[in-house]
1. If you keep only loop residues by DSSP, which chymotrypsin sites (Phe, Trp or Tyr not before Pro) in region 124-165 have at most 12 other Cβ atoms within 10 Å of their Cβ?
2. Quote the relative contact order of region 78-151 in percent (integer), defining contacts as alpha-carbon pairs under 8 Å separated by 6+ residues.
3. Give me the number: length gained by fully extending Val39 to Thr137, i.e. 0.36 nm times residue separation minus the C-alpha to C-alpha distance, one decimal in nm.
4. If you filter region 58-139 for GluC sites (Glu not before Pro), then keep DSSP loop positions with at most 11 other Cβ within 10 Å, what is left?
5. Calculate, for region 82-143, the solvent-accessible area per residue in square angstrom, rolling a 1.4 angstrom probe over the heavy atoms of the protein chains.
Amino acid sequence: MIPNGRGPTRAPNLFSGDGAMLERLKSGFQWALETWVIVLMFSTTVVVVIAVVFRKAGHSLGWADEISRVLLAWLTYYGSALAALRRAHIGFPGLLRRLSPRQRLPLVILGEAFIIGFFLVMAWVGLEVYMVLEGDTLVSITWVPLRLTQSVIPIGAFLFILAELLSLKEEIRPRRISETFHDKGSHQEEARG
């Protein structure tokens, strides 16, 4: 294909210097996770409020507790993938940011290997659990298969791994001196406030 007569175009490289395609993929993934997490938060809130209203009226809903627990578990798994994409999990980012790129890179790669390895094991075990649950259903809503509710384990693990990989480029890039001092100052201000 020759657009505008300038010559043939090449397929974009996801890991090219500009990273525009990778950034679009990351933004789309973040939007999808944010949307799904908002839906789960809203749904959980609605179910809990309905359960409270009915319980106060003397008509307890048997299914509300079970559904709210499932929604909360889903919110935890999908929310953790969103946090991984934003690099917002508990950690020691200040420690790594103060190291030189040569010292920092092996530690970041080692940490990522442990995280991805853990979630690969979790996905594998989640698939094993998924297989064992064939034919089982929720207690209060017997038409909902347990496989549906527990599918969040391998799916959440896969999404967490994807989030780690999509945000890795930003994590391993060398920091400028101004960013290091800005991060240091912002953490000190947070500690005072």
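1. Numbers: sites: Trp124, Tyr130, Trp143, Phe158, Phe160; in loops: Trp143.
Of the chymotrypsin sites (Phe, Trp or Tyr not before Pro), the ones in loops of region 124-165 whose Cβ has at most 12 other Cβ atoms within 10 Å are Trp143.
2. Details: 31 pairs, mean separation 12.4, N = 74.
Reported relative contact order: 17 percent.
3. Values: separation 98, 0.36 × 98 = 35.28 nm, distance 2.34 nm.
Extra length from Val39 to Thr137 when fully extended: 32.9 nm.
4. Values: sites: Glu66, Glu112, Glu128, Glu134; in loops: Glu134.
Qualifying residues, ordered by number: Glu134.
5. Values: 4540 Å² over 62 residues.
Accessible area per residue: 73 Å².
The values are calculated or read from the model by the stated rules, or taken from the named source; none is laboratory data. Just so it is clear, the structure is predicted and the values come from calculations on it, not from any experiment. With ideal geometry, Cβ positions are generated from the backbone for all residues, glycine too; neighbour counts draw on all protein chains shown. Side chains are part of the model used for accessible areas, which takes the heavy atoms of the whole protein and leaves out ligands, DNA and RNA. Shrake-Rupley method; radii C 1.70, N 1.55, O 1.52, S 1.80 Å.
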